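Enquirer: Starting off with a structure, shown below.
The values are calculated or read from the model by the stated rules, or taken from the named source; none is laboratory data. Bear in mind the structure is a predicted one, so any value in this text is a computation, not a measurement. Cβ placement follows ideal geometry from the backbone for every residue including glycine, while neighbour counts extend to all protein chains displayed. When the accessible area is computed, the model is the full protein with side chains, heavy atoms only, and any ligands, DNA or RNA have been set aside. Shrake-Rupley method; radii C 1.70, N 1.55, O 1.52, S 1.80 Å.
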Amino acid sequence: MEKPVVVFDNGTGFSKLGFAGNLEPSYIIPTAIATRESVGVPVSRLKCEDLDFYIGYDSYAYQKTHRLSLPIKEGQVNNWDDMERYWQRCIYSHMRIEPQDHTFLLTEPPMNPPENREQMAEIMFETFDCAGLYIGVQAVLALFGCNMYKERNTLTGTVVDSGDGVTHIIPVGHGYVISSCIKHIPIAGRDITKYIAKSLKDRHPNIPAEDLMDVARNVKEQYSYVCKDMEKQILDYRDPNSSKFKTYSAPGKTTGTPLSLKVGQERFLGPEVFFSPEKFTRDWDKPIDLCLDQTIQGCPIDLRRDLYSNVVLSGGTTLFKNFDRRLTSTLQKRVNDRLKSYSQQSGINPPPIECKINAFPTQRYAVWFGASLFASSSEFSGVVHTREQYQEVGPSIARNNVVFG
C-alpha cells in the first residue's frame, strides 16, 4: 500500500503538519525552536547536544535556558540549521514516520528565491532521504483549496494571505503568480496582538507581564471583530455598562494567576488597523482595500474582472468577524467610484464589475488544505520530483516546479 504524502506548510508564526487527503492538519504548532547555548547550560541527559532542542510550544517553556529562534521571518527561512532541526522533530516526534517511505509537499511564499528551493530540496533528500518532493506556491494552493467550495474551478484569482507575521496580496493568473504586482503589507496578526496588549495594559496595569501577550492573543481570537464605522463604535463604548463590553476570565498561562478583566474598544480597534492604518502606525498608511485595488489594477487588463470576482482569504488573521463583508463593501465602493468617474469623463457606460470575497470554512489553514487536496489528486504524481531524479540532476531540480491545474 502506498504511503500518504506528508504536507508541511511552514508559516512565519505557525506550521501546519499532516497527511494528504485529510481535511485538517494533524498539528498546528508555532514555528519556533529553542536550541542549547554553548555556554552556561548543561548538555542533555542523553549527553547528546544535537538532540537538546525543543520546537513549537515546548520551545517557549525552555527559552530561559535555551536560545529561542524563529527560523522563518516574513515568510522566508532565515536560519537553515534551525529549520533542519525543526523539520527533524516534526518528522520523527510529531508525524512519527520514516521519511524515506514518504513523499513530501512543502510550501513556499511567492517570489521565494530559487536558491531557497534548492536548499529545501537538499535538506529533504540529503538529510532525510525522502522518496519525493514538491514545493508549491502558497497562493496557488490556497486557490486550489477554495475551488472545493465553488461551482466553477479556476486558478485565476487574488489571494489575501494574512498570518501571524506578514500580509501578502498575490494575484494569480491561470496558475501563475503575477509577481510584479504582489503587494506586501507590514501588518499582520502579531501587530494586532501587540496593540491589544498595550491597550489592555493601559487599562489593567495589574496584568502580569509574563501573561500579557497570551491574554492579548486570547482576547483577539475570542472577542475581536471588524466594525462598519469606527467613529460610531467608539461612541457605543462610552457607556461602561454597555453590553458591548466582554469579561475575560482565565488563569494566566505562565504565572497561573487568576485574571478577570473587561474588554472594550480593543475588540474592534485591533482589526481596524487593516482599514485605518494611518491612525495606529507610522509604518504604513494604505488601507488593505486600497492595496487590493492597486494590485489588481496593475495586472493585465484581460484578467482584472476575474481577479476582482475571485478574491480568496487565507490565514488566521482573516478570520475576524465581518472582515470579508467590510473588505467587500470598501473594495466595491472604490471600483464603482472609478467606473462612475470614467463614465462621466467619456460618456460611455462600462459594464459593472462585481467584487466577491471568498471566505470558506478552511481559510485558517487554506494553504495546507489546498496542498492536501492537490497531493491526493491524480495530477500530483506527474509533477513531483522523485529521489532518483534528484540523485541524477541534483538540487537544481527544485528550481522550477510544474504549474498544476
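Enquirer: Does any residue in the range 121-136 that is touching a residue at least 60 places away in the same chain (Cβ under 8 Å) and closer than 20 Å to Glu2 by Cα come within less than 6 Å, Cβ to Cβ, of a residue that is open to solvent by 10 Å² or more (accessible area, probe 1.4 Å) and assigned to a helix (DSSP H, G or I) six or more places away or on a different chain, and which pairs are these?
Expert: Between residues of the range 121-136 that are touching a residue at least 60 places away in the same chain (Cβ under 8 Å) and closer than 20 Å to Glu2 by Cα and residues that are open to solvent by 10 Å² or more (accessible area, probe 1.4 Å) and assigned to a helix (DSSP H, G or I), the close pairs are Phe125/Tyr390; Asp129/Gln100; Ala131/Arg387.
Enquirer: If you take the residues in the range 164-177 that are open to solvent by less than 10 Å² (accessible area, probe 1.4 Å), more than 12 Å from the chain's Cα centre (by Cα) and of a type in the set (A, V, I, L, M, F, W, C), which one is nearest to Gln294 (Cα to Cα)?
Expert: Of everything passing the filter in the range 164-177, Ile170 is nearest to Gln294 (Cα to Cα).
Enquirer: Here is a follow-up. So, in the range 111-163, how many residues would count as being crowded, with 22+ Cβ neighbours inside 10 Å and of a type in the set (Asp, Glu)?
Expert: Residues in the range 111-163 being crowded, with 22+ Cβ neighbours inside 10 Å and of a type in the set (Asp, Glu): 1 in total.
Enquirer: Which one of these does His204 not meet: (1) modelled with pLDDT of 90 or more; (2) over 19 Å from the mean Cα position of the chain (by Cα)?
Expert: With (1) modelled with pLDDT of 90 or more; (2) over 19 Å from the mean Cα position of the chain (by Cα) applied to His204, the lone miss is (1).
Enquirer: Mind telling me which of the residues Tyr62, Tyr54 ends up being over 30 Å from Ile185 (Cβ atoms), modelled with pLDDT under 95 and open to solvent by 70 Å² or more (accessible area, probe 1.4 Å)? Before the answer, list the steps.
Expert: Values: Tyr54 fails: open to solvent by 70 Å² or more (accessible area, probe 1.4 Å).
Just a single option satisfies the conditions, and that option is Tyr62.
Enquirer: Any idea which of Ser314, Ser329, Ser276 is farther than 24 Å from Pro171 by Cβ and hydroxyl-bearing (Ser, Thr, Tyr)?
Expert: Selected residue: Ser276, the only one of Ser314, Ser329, Ser276 that is farther than 24 Å from Pro171 by Cβ and hydroxyl-bearing (Ser, Thr, Tyr).
Enquirer: Working only within the range 234-269, note down all residues that are in contact (Cβ under 8 Å) with a residue 24 or more places away in the chain and of a type in the set (A, V, I, L, M, F, W, C).
Expert: Ile234, Ala250, Leu259, Leu261, Val263, Phe268, Leu269 - these are the residues of the range 234-269 that are in contact (Cβ under 8 Å) with a residue 24 or more places away in the chain and of a type in the set (A, V, I, L, M, F, W, C).
Enquirer: Right, something else. Assess whether Asn147 counts as being farther than 18 Å from Ala371 by Cα, modelled with pLDDT under 95 and out of contact with any helix residue (DSSP H, G or I) (no Cβ under 8 Å at 6 or more places or on another chain).
Expert: On the way: farther than 18 Å from Ala371 by Cα: no; modelled with pLDDT under 95: yes; out of contact with any helix residue (DSSP H, G or I) (no Cβ under 8 Å at 6 or more places or on another chain): yes.
Here the answer is no, as Asn147 does not meet what is asked.
Enquirer: Would a scan of the range 386-399 turn up a residue that is over 22 Å from the mean Cα position of the chain (by Cα) and either within 19 Å of Gly157 (Cβ to Cβ) or crowded, with 21+ Cβ neighbours inside 10 Å (or both)?
Expert: Pass one, the range 386-399, residues over 22 Å from the mean Cα position of the chain (by Cα): 386-399.
Okay, now just the ones that are also either within 19 Å of Gly157 (Cβ to Cβ) or crowded, with 21+ Cβ neighbours inside 10 Å (or both), so 390, 398.
Yes, there is a match, as at least one residue in the range 386-399 is over 22 Å from the mean Cα position of the chain (by Cα) and either within 19 Å of Gly157 (Cβ to Cβ) or crowded, with 21+ Cβ neighbours inside 10 Å (or both).
Enquirer: Find all pairs meeting these conditions: Cβ atoms under 6 angstrom apart; at least six residues apart or on different chains; first residue within the range 168-179 and touching a residue at least 60 places away in the same chain (Cβ under 8 Å); second residue crowded, with 18+ Cβ neighbours inside 10 Å and of a type in the set (Asp, Glu).
Expert: His168/Asp161
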